Structure formats: C-alpha cells, structure tokens
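Everything below concerns the one structure shown next.
FYI, it's all coordinate maths here, none of it is from the lab. Computed from a prediction, not measured in an experiment: that's the story for all the values here. Here Cβ is always computed from backbone atoms with ideal geometry, including for glycine, and neighbour counts include all displayed protein chains.
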Amino acid sequence: MTKINARSGPPAEAEVDAWWAVQVAAHAVDAAALPGLPPPARVEAAGRLGVPSSRGDAVRWTTGEGDGQAALLLFTEEGNTHAAFLDELTVRPDARRRGVGTALWERVRAELLARGRTSVATVADLGGPGQAFAESLGFRNVLPMAWYVQELPATAPAAPDTPGYELLTWSGLVPDAWTPALAVAHGAMEDAPSGDSDEEFRPWTAARVRAAQRLVLDRGGEMTTVAALTPAGEVAAYTVLVLPDPEGPRALQYDTVVVPRHRGRGLGRAVKLRMLERAAARHPGLRRIGTTVADGNGPMRAVNEALGYRRERGAGLFQLGL
C-alpha cells in the first residue's frame, strides 16, 4: 500500500529539492509526447510551495517513497467554496502504473469530500499522461484551449500610434493610483469564454488585483504591465507579462484585456507590441513567450497570430463533479 503524507507550512530546502526532482523526472519522459513542454524551474516550485494563493487553502501530499506528489487549492472566496483546483498530481515515470497516482487521487478526493466540495478542476495538456489520467477518473474537458508561443524577435517591432490613448509600462506592482482602474478593466474578461466551468466569476477589486500581483512577486517571479490609458484616467486595454523564473528563457503572457467600448482600435495589438519592446530590453536572456487562449476566443487568437504566435499544443480545463 502506498503511504501518503500530508505536508503543510513553508517547506525546507530539501523538501523543495525533492518536489522539484519529481517534476524534472516526469518532464524528461513527458516532453517526448508533448513537444515544447517547458522544463520545470526550481524557483517556481519553491514559490508555489512556499507562498500559497490568497484565493484559498493549499494542501499538499507526498508519497512515503518520494515518488509522487499532489497539491490542491480549496477556494475560500465567496461564491466558490464548493469548488477546488488540483494544482498538481505528478508521479515519477519509474513509479507509474503501480497505483501511486490512484493512491494520491484517493487522498485528494477524501479531502475534497471532507471539505464539502462538489467540484474540482485541473488543467492538462492534450495527448499527455495528465489528460489520460484525468479522463480515467471521470474528468471532462469543459474549456478546450491551446498553448501558443512566440519566439522573441531579434528586433521587436515598434508599437503603433494610439491616438487618444497613452501607453504606460510598469515593472512589478502597478502604482496604487492605477490599480482601481486596472480592476475595472479586468472585469471586461467576464465575457471571455469560460466553457462549462463551475467556478463563479468574482468581481475584480483593487485589493484582489494587488493580491494577484504580489503573489507573482512573492513567489520569486517578475511582472511587467502595459496599459492603454484614456485622458479621463480609464484603463482601456492592458496586458501582463510574467517571468516565473527571472533567469529563465521563457515568459508567460498573462491577461490581455480590451474593454468592450474601446475594441476595434488596435489596442490589443498595441499593448502587446509595446510589451515585446520592453521585454527585449529588460530581459536579454528571454527567448520565448507562451500563452493560453480558449479555442472559442477567436478575436484574441487572431491578435496573437498577427503578432507571430503559433499553436504549440492543445490543453483543456478538465472538471469533475463529486
């Protein structure tokens, strides 16, 4: 029988190393089926283990043999206390098909039921072991999406003029004076495709935006925001770039939002091009930017394709009712 140990609190350095080692071993095998799958970074593993999300309670487990691990986020925010997110369930390749993953899942499931959760979701790459395992448990893909990547050009094209709008760039935390306006703009994402997700959309406030920004930085990452501002002080569009590992060659394109009444004016393209300019100058070692886009989000896919993004691999938000 596989022994499962619950973990809590900030991990010791040796625990981080052991957790990361499982991820590295899994990547060495899984990358063969998933070309482009980025290797795990230790700084990101340490950040996620040591600094939990403000959205809920984090629980994690490891096997007694150290050949498998799982991490779960139990949402505590109003409207989502019925739901949870399975952040990770990883088994070393040499321990697969021996019941290790099933044992971890049973412990996760017991926690979900004990905490009164009726729904759990996770993100998995299509064609990989994560999808196969999730579907074997009854998870279904409620939001098909894909990873898109862009190689950072040697010379980033200049952002176009944006008559009536000013483009501003912030590294790290967005200044307090602009955080409320950024929260209002973020609310425009409510019309983005969400599939059949059970998670309830929560209004974005200045405090919630600040908490999300701090989480990136506290976990050891770097973040840059580019926004298109109106003379009245409104954030009409913005985009966020995150380097989970500031020393690594890959960044993640987080939210890109254009407020509905400002759409059709090229602002999405403008903020992304300005971001490319800043990224090339600030991070000379950066080589690739990745982002996820829902299959149903045609406008954002079109913007990305025009900027040189290419589809790398399919993914999905998989969900299970309990």
Worksheet item: Got a sec? Charge dipole of the chain, +1 on Cβ for Lys and Arg, -1 for Asp and Glu; which of Leu229, Thr76, Ala207 is way out at the positive end?
Response: Leu229
Worksheet item: What base-10 log of the normalised intensity I(q)/I(0) is obtained for the chain from the Debye formula, alpha carbons as equal point scatterers, at q = 0.10 Å⁻¹?
Response: -0.60
Worksheet, complete the sentence: Bounding extents of region 4-117 in its principal axis frame from Cα atoms, largest first in Å, are 40, 30, 29
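Give me the extension gain from Arg263 to Ala33: residue separation times 0.36 nm, minus the current Cα-Cα distance, reported in nm with one decimal. Don't skip to the answer; put the middle values down first.
Details: separation 230, 0.36 × 230 = 82.80 nm, distance 3.85 nm.
Length gained between Arg263 and Ala33: 79.0 nm.
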Worksheet entry | Cβ-placed point charges (K, R +1; D, E -1), dipole of the chain about Cα centre in debye, nearest 20 | 300
Worksheet, complete the sentence: Per DSSP, the loop-located trypsin sites (Lys or Arg not before Pro) within region 1-110 having at most 16 other beta carbons within 10 Å are Lys3, Arg96, Arg97, Arg98
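Quote the charge dipole size of region 4-117 about the Cα centre in Debye, to the nearest 20; the model charges only the Cβ of Lys and Arg (+1) and of Asp and Glu (-1).
Details: 13 positive and 15 negative charges, 59 e Å.
It works out to roughly 280 debye.
Compute the Cα gyration tensor for region 149-312, then decide on rounded, prolate or oblate, letting a ≥ b ≥ c be the square roots of its eigenvalues: rounded whenever a/c is under 1.5, prolate when a/b is larger than b/c in the other cases, and oblate in all that remain.
Details: a/c = 1.18, a/b = 1.15, b/c = 1.02.
Judged from the Cα gyration tensor, region 149-312 comes out rounded (a/c under 1.5).
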Discussion item. Test of understanding: what is the full-extension gain from His82 to Arg288, defined as 0.36 nm times their sequence separation minus their Cα-Cα distance?
Written reply: 70.5 nm
Worksheet item: Mind checking which of Thr239, Thr179, Thr225 has the largest fluctuation in a GNM of the chain, springs on alpha carbons under 10 Å?
Response: Thr179
Item to complete: Name the residues whose placed amide hydrogens come within less than 5 Å of the amide hydrogen of Leu152, ignoring near sequence neighbours (fewer than 5 apart) on the same chain.
Response: Arg288, Ile289
Practice prompt. Once you have the Cα-Cα distance between Arg98 and Glu234, take 0.36 nm times their residue separation minus that, and quote the gain in nm to one decimal.
Written response: 43.4 nm
Response to the item:
Of the residues Ile4, Gly47, Leu168, the Cα lying farthest along the dipole of the chain towards its positive end, which is defined by charges on the beta carbon of Lys, Arg, Asp and Glu, belongs to Leu168
